[in-house]
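Each remark here refers to the structure printed beneath this line.
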Amino acid sequence: MRTISEKQKSIIEFINVSEPALPRQNKEINQLEQLKEVCLDCSKCELRKGCSQVVFGDGSRTARLMMVGEGPGADEDKAGIPFVGRAGQLLDRILEAAEIDRKTIYITNIVKCRPPGNRLPLQLEVDSCLPYLKKQIELINPEVLVCLGGLATKTLIDKNAAITRTRGKWHEIDGRRVMATFHPAALLRDPSKKKDVWEDFKQIMKLYKE
Ligand code: URA
């Protein structure tokens, strides 16, 4: 990333010209950092009071593939990184089997603060947090979006969508390919869903490797 030294800044101010334009990708990365700062400072809803930190997102800022879960759990709240607890470890195993390097993708959640007792986020909380996710998507600009579980599916694909009927098919939203699949936590509760998730990941894998 191109940074400007204090001396360069004062020269720019002195000769009263605007700062040099950054190349496109650097500009988006800068804006993502700024968005993160704003988000870390957010108190738009009550969730921030009950969690220990905001979990913004993790991974490549130029990812072609972005995954969206529900909200941080206890482990994520402690670590400040999404999907590091039991569900996250299962997601890591799925990604490994699909030969998708976690470092090359971007992972985030619908809400960035842990709901108390891991309850489902309220609509008001989703609505407060959604502008951050929308901007993250715009700045990272992934070709492929994966909705992990019902909340991400309803929020990003269709508010009336049922995960069982929506998963496994490509949806086109704002020029991106969007796939819904079961949340890894659902697989921990019901391992029979693993077969379906693997079918979904085979399609994701194919597109990701194109
Ligand atoms: N479940 C989620 O939806 N997101 C996380 O980050 C962890 C568990």
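Condition first: within 15 Å of the chain's Cα centre (by Cα), loosely packed, with under 15 Cβ neighbours inside 10 Å and either in a helix (DSSP H, G or I) or modelled with pLDDT under 95 (or both). Can you find one or more residues in the stretch 7-18 that meet it? Among the residues of the stretch 7-18, not one is within 15 Å of the chain's Cα centre (by Cα), loosely packed, with under 15 Cβ neighbours inside 10 Å and either in a helix (DSSP H, G or I) or modelled with pLDDT under 95 (or both), which makes the answer no.
Picking from G117, G168, G175, which residue would you name as being free of Cβ contacts under 8 Å to residues at least 40 places away in the same chain, on the phi > 0 side of the Ramachandran plot and in contact with a helix residue (DSSP H, G or I) (Cβ under 8 Å, 6 or more places away or on another chain)? Even if it seems obvious, please write down each step before you answer.
Working: G117 fails: in contact with a helix residue (DSSP H, G or I) (Cβ under 8 Å, 6 or more places away or on another chain); G175 fails: in contact with a helix residue (DSSP H, G or I) (Cβ under 8 Å, 6 or more places away or on another chain).
Selected residue: G168, the only one of G117, G168, G175 that is free of Cβ contacts under 8 Å to residues at least 40 places away in the same chain, on the phi > 0 side of the Ramachandran plot and in contact with a helix residue (DSSP H, G or I) (Cβ under 8 Å, 6 or more places away or on another chain).
Taken together, the residues in the stretch 55-75 that are within 12 Å of the ligand (Cβ to nearest atom) and of a type in the set (A, V, I, L, M) amount to 4.
Would you say V84 is among the β-branched types (V, I, T) and without any contact (Cβ under 8 Å) to a residue 12 or more places away in the chain? Before you say what the answer is, go through the steps one by one.
Working: among the β-branched types (V, I, T): yes; without any contact (Cβ under 8 Å) to a residue 12 or more places away in the chain: yes.
So V84 fits the description; yes.
Can you confirm whether I107 is within 13 Å of the ligand (Cβ to nearest atom), assigned to a loop (DSSP other than H, G, I, E, B), at pLDDT 95 or above and within 14 Å of the chain's Cα centre (by Cα)? Taking the combined requirement at face value, the residue does not satisfy it. Within the stretch 76-85, if we keep just the residues that are surrounded by fewer than 24 Cβ atoms within 10 Å (Cβ to Cβ) and of a type outside the set (D, E, K, R), the residue that is nearest to the ligand (Cβ to nearest atom) turns out to be G85.
All of G117, G88 fail the test of being in a helix (DSSP H, G or I) and within 9 Å of the ligand (Cβ to nearest atom), apart from G88. Contact map, the stretch 182-197: residues that are surrounded by 18 or more Cβ atoms within 10 Å (Cβ to Cβ) paired with residues that are of a type in the set (S, T, Y), Cβ distance under 8 Å, separation 6+ or inter-chain. Pairs shown: V197/T181.
Under the condition of being of a type outside the set (S, T, Y) and over 15 Å from the mean Cα position of the chain (by Cα), the residues counted in the stretch 110-128 number 12. Taken over the stretch 93-128, the criterion of being surrounded by 14 or more Cβ atoms within 10 Å (Cβ to Cβ) and more than 19 Å from K49 (Cα to Cα) is satisfied by I94, L95, A98, I100, R102, T104, I105, Y106, I107, T108. Just one of the listed residues (F83, F56) is among the aromatic types (F, W, Y), touching a Leu at 6+ places or on another chain (Cβ under 7 Å) and over 16 Å from K135 (Cα atoms), namely F83.
For P131, the stated conditions do not hold, so it cannot be described as within 12 Å of the ligand (Cβ to nearest atom) and under 25 Å from L47 (Cα atoms).
The values are calculated or read from the model by the stated rules, or taken from the named source; none is laboratory data. Quantities reported herein were computed from a predicted structural model and do not represent experimental measurements. Positions of Cβ are backbone-derived with ideal geometry, glycine not excepted, and every protein chain shown enters the neighbour counts.
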